[in-house]
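Encoded as structure tokens, the structure appears first; notes follow it.
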Amino acid sequence: MHYKTYRPEGVLADFIGQFYWGSREATDTSYHATAKTGTILTFTFNQQSDTSRQLICASIEGQTERFTTYTANGFDTFLSVTLHPGAVSSILQCPPAMLQDNFVHLDDLLGKKGKLLEEKIASASSNESRILLLQDFIRSQLALDGKKDQLIIKAVQQIRKQRGNVNIDALASDCALSKKQFERRFKQQTGFNPKLYSRIVRFEFTLTERKYYTSLTGLAHAAGYYDQAHFIHEFKKFTGFTPSSYLSFDEG
């Protein structure tokens, strides 16, 4: 699958990982999906002509600690946005745990508001226009939510900033919460306990930063794994593959 990416700036960067769009390489193509901390909102289209697309579906893929293989069919092109956990309850108006390991249609969650967004996305003339529409929608949803758990949102941001290499007890203390209170509120916001979330964030770093390293040893060290055996164990848990085979390293 070929695609392009766009990362938002400013306030939205705290809530959105990236936008990405592209096309499938072939009909009924199988894809391997890894564990992920983000929730993905995807709009799929059929290309009717050089200038016309028909919106097929707007779906939400929840966060997961599992890997899976699935077949993508029935569409030619797509536009997706990855939402960080702290944004899900505000933007999609549902508990993140409800979406975990699940696929849901956008209008099933947001009703008329979701349907209106689908109509706007369908009538937009370019992916750039669609991204602007999505950013406006996300800003409006965030502004409506006055109950965001700012302590946990900041904790999530800190975990991401530190690539998952954090002390959970220290994070709870920084939030002026007991560890049990912190874990409960963290799971409400993300669908994960903080330790598992941190592990997946560290794993995700190895996927996004792989291009900057020439060896597994260097990548594992940069990600904060204490030895290569630990790195391989975690990587297999979240992908089903060894890092050397999945990331195409020739040597460790």
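Where a number appears in this text, it was derived from the coordinates with a stated rule and is not lab data. Nothing here was measured: the structure is a model prediction, and the numbers come from that model. Methodologically, a virtual Cβ is constructed for each residue, glycine included, from the backbone with ideal geometry; neighbour enumeration extends over all protein chains shown.
How many angstrom separate the Cα center of segment 1-20 from the Cα center of segment 158-232? Distance between centres, Cα-based: 21 Å.
Any idea which of Thr82, Ser140, Asn127 is furthest toward the positive side of the dipole for segment 2-144, if Lys and Arg beta-carbons carry +1 and Asp and Glu beta-carbons -1? Positive-most Cα among the choices belongs to Ser140. Charged side chains reduced to their Cβ positions (Lys and Arg at +1, Asp and Glu at -1) give segment 209-252 a dipole of some 160 debye around its Cα centre. Put simply, when 61-68, 238-245 are sorted by average Cβ atoms within 10 angstrom per residue, most first, you get 61-68, 238-245. Sequence-distant contacts, meaning Cα pairs under 8 Å at least 6 residues apart, place the relative contact order of segment 209-252 at 39 percent. Annotation: lysines with alpha-carbon distance below 19 angstrom to Lys236 (same-chain offsets under eight excluded): Lys36, Lys195. Summing charges over neighbours of Glu119, with a neighbour being any other residue whose Cβ is under 14 Å away from its Cβ, gives +4 when K and R count +1 and D and E count -1. The listed peptides 148-154, 91-97, ordered by packing as a protection proxy, come out as 91-97, 148-154 (highest mean of other Cβ atoms within 10 Å first). The relative contact order of the chain, computed from alpha carbon pairs under 8 Å that lie at least 6 residues apart in sequence, is 17 percent.
The spread of Cα positions in segment 30-132, taken along each principal axis and listed from longest to shortest, comes to 39, 32, 21 Å.
Note on segment 209-252: Rg/Rh from C-alpha atoms, Kirkwood Rh, equals 0.91.
Rounded to the nearest 0.05, the FRET efficiency derived from the C-beta distance between Ile56 and Lys161 at R0 = 41 Å is 0.65. The chain has equivalent-ellipsoid semi-axes of 30, 25, 15 Å, by the square roots of 5 times the alpha carbon gyration tensor eigenvalues, sorted largest first.
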